[in-house]
Amino acid sequence: MATIAAPRTMRRPGALYFPAVTTLLTLLSFMAFADNLVTDVHQPSNSDAALVVHGLFAGAWVILFAAQAWLIYFGRIATHRRLGNWTFAVAAGLVVTTLYLFVRKFHGLAEMEPEVLANRLLMPIFMVCAPLAYARRNRPDWHKRLLLIGTMALLEPITARVYDPTFGMLVPLGISKELDEALFLTYLFGTWALLVGSLWLYDRVTLRRIHPVTLVGSGAIALANAVAYLV
């Protein structure tokens, strides 16, 4: 995210937004997969080489994304630029490993649950946003929003896994499957709305308008979910 950081005493409103939101996404990611990393390291998925490699790329992506945002905040522009090519290489690895898993697990559209189909439809958003962000790396307003919207498009597996150890624990036992699903979807789309909505608020505060990337990107996320869950 190539930009020129202002002196700390002259920072614009919202200067901490991208460091804060990317750090939040990193924390949510590690909370979601804490079982793989800490509490249940002997589970079968940890012995699946493809899943492990994918997890390494995914973890590296969220860490580097947050690190790059903090480097800009602290004015470490040269380090940010040196790290940039490696960051995009990790993004490419994340795409390749995700597509491999999609192909390996594909058994026909009719057998896909809406959550699974949504993941397939949302991945292209990241695949479009990442190269566009690289091409617009000298346009900070486009660059950082493209990367954030692209990353937000990948949130479903993360937010879904965070549900059970947090809000899911508050759901009473014995409720109907339909109500349980409705509560989960309310949480899932509510979380997405809050995160994407925070970018809309950031735009309003800093630009006094909604940036085209924010508008089109959030629309694409909503459309992919609408197709997966409603069509």
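Laboratory data are not the source of any read-out in this text; all were calculated from the coordinates shown. Bear in mind that the values here come from a model prediction, so they are computed numbers and not experimental data. Glycine also receives a Cβ, built like all others from the backbone with ideal geometry; neighbour counts cover every protein chain displayed.
Observations on the model:
- Whether the chain is rounded, prolate or oblate, judged on the alpha carbon gyration tensor where a/c under 1.5 counts as rounded: prolate
- Spin-label pair Phe30/Ala110, simplified geometry with 7 Å Cα→Cβ offset, distance in nm: 4.5 nm
- Peptides 176-183, 219-226, 139-146, 80-87 ranked from most to least packed, by the mean per-residue count of other Cβ atoms within 10 Å: 139-146, 219-226, 80-87, 176-183.
- Furthest towards positive pole of dipole, Thr186, Met169, Leu64, structure part the chain, Cβ charges: Leu64
- Residue among Asn119, Tyr134, Ala153 farthest towards the positive dipole end of segment 77-231, charges placed on Cβ: Tyr134
- Computed lengthening from Glu181 to Val216, 0.36 nm per intervening residue step minus Cα-Cα distance: 9.8 nm
- Model label sites at Thr79 and Leu132, defined 7 Å from Cα along the beta-carbon direction, differ in position by 3.1 nm.
- The length gained by stretching the chain between Arg209 and Leu37 to full extension, at 0.36 nm per residue less their Cα-Cα distance, is 57.8 nm.
- For segment 18-54 versus segment 171-231, the inter-centroid distance based on Cα atoms is 22 Å.
- Placing +1 on the Cβ of every Lys and Arg and -1 on the Cβ of every Asp and Glu, with no other charges, gives segment 155-231 a dipole of roughly 420 debye about its Cα centre.
- Alpha carbon convex hull of segment 54-177, volume per residue in cubic angstrom: 134 Å³
- Remark: segment 74-231 carries a charge dipole of roughly 1160 debye about the Cα centre, counting +1 on each Lys and Arg Cβ and -1 on each Asp and Glu Cβ.
- Rounded to the nearest 0.05, the FRET efficiency derived from the C-beta distance between Phe189 and Val103 at R0 = 22 Å is 0.20.
- With the highest mean first, a sort of the peptides 162-168, 71-77, 104-110 on other beta-carbon atoms found within 10 angstrom per residue produces 71-77, 162-168, 104-110.
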